[in-house]
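Worksheet: the structure to be examined is printed underneath.
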Amino acid sequence: QVQLVESGGGLVQAGGSLRLSCAASGLTNSNYAVAWFRQGPGKEREFVAGITWIDNTSYYADSVKGRFTINRDNAKNTVYLQMNSLKPEDTAVYYCAARLGAVITTSYQRYNYWGQGTQVTVSS
């Protein structure tokens, strides 16, 4: 059974930083991609960043490029999202998602597994 557990959300002032963690279990091979999505109040769920497990390829939404970094720790089966220079518009519930196949897609419908989400609030 696949489980994704996010942690690391919280309240931070604009310009600050947070690091989110996604601990994955039950993913039995390296042929998958893990991504972070977010959903702000009254907004649709949107892609933030993704990474492939097999070769560490990463991809970012334009809105976070240069500010956020996604990486992984194989030994811990954990994916991290380092968020710097946070803005009030980054406020959202952040979700970790995984899909079979080493291809990052920005479409949330193509992800098979989801975590419960973690709230990030950026105050101005």
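Couple of notes before you dig in:
- Paramagnetic reach from Glu89 in segment 7-25 [backbone N under 19 Å; point 7 Å along Cα→Cβ]: 12-18
- Amide H contacts under 5 Å for Thr57, placed H, 5+ residues apart: Thr52
- For segment 25-30, backbone phi angles converted through the Karplus equation (6.51, -1.76, 1.60; θ = phi - 60°) give residue-by-residue couplings of 9, x, 8, 8, 8, 8 Hz, Gly and Pro being listed as x.
- Alpha carbon centroid spacing (whole Å) that separates segment 1-37 from segment 85-124: 8 Å
- Eligible lysines near Lys76 by straight Cα distance, threshold 17 Å, same-chain separation 8 or greater: none
- Whole-number percent relative contact order across segment 56-107, with pairs defined as alpha carbons under 8 Å at least 6 apart: 28 percent
- Proximal lysines to Lys65, defined as alpha-carbon separation beneath 16 angstrom and excluding residues fewer than eight positions away on the same chain: Lys87
- Compared with the alpha-carbon gap, the fully stretched path from Ser25 to Gln82 is longer by 18.4 nm at 0.36 nm per residue.
- Annotation: aspartates and glutamates with alpha-carbon distance below 14 angstrom to Lys43 (same-chain offsets under eight excluded): Glu89, Asp90.
- For the chain, the average shadow cast by the Cα convex hull is 6.8 nm², which is a quarter of the hull's surface.
- Mean separation of Cα contacts under 8 Å (6+ apart) over length of segment 1-116, as relative contact order %: 34 percent
Throughout, read-outs are computed from the coordinates displayed, never taken from laboratory work. None of the values given here were measured: they were computed from a predicted structure. So basically every Cβ, Gly included, is an ideal-geometry build from the backbone, and we count neighbours across all protein chains shown.
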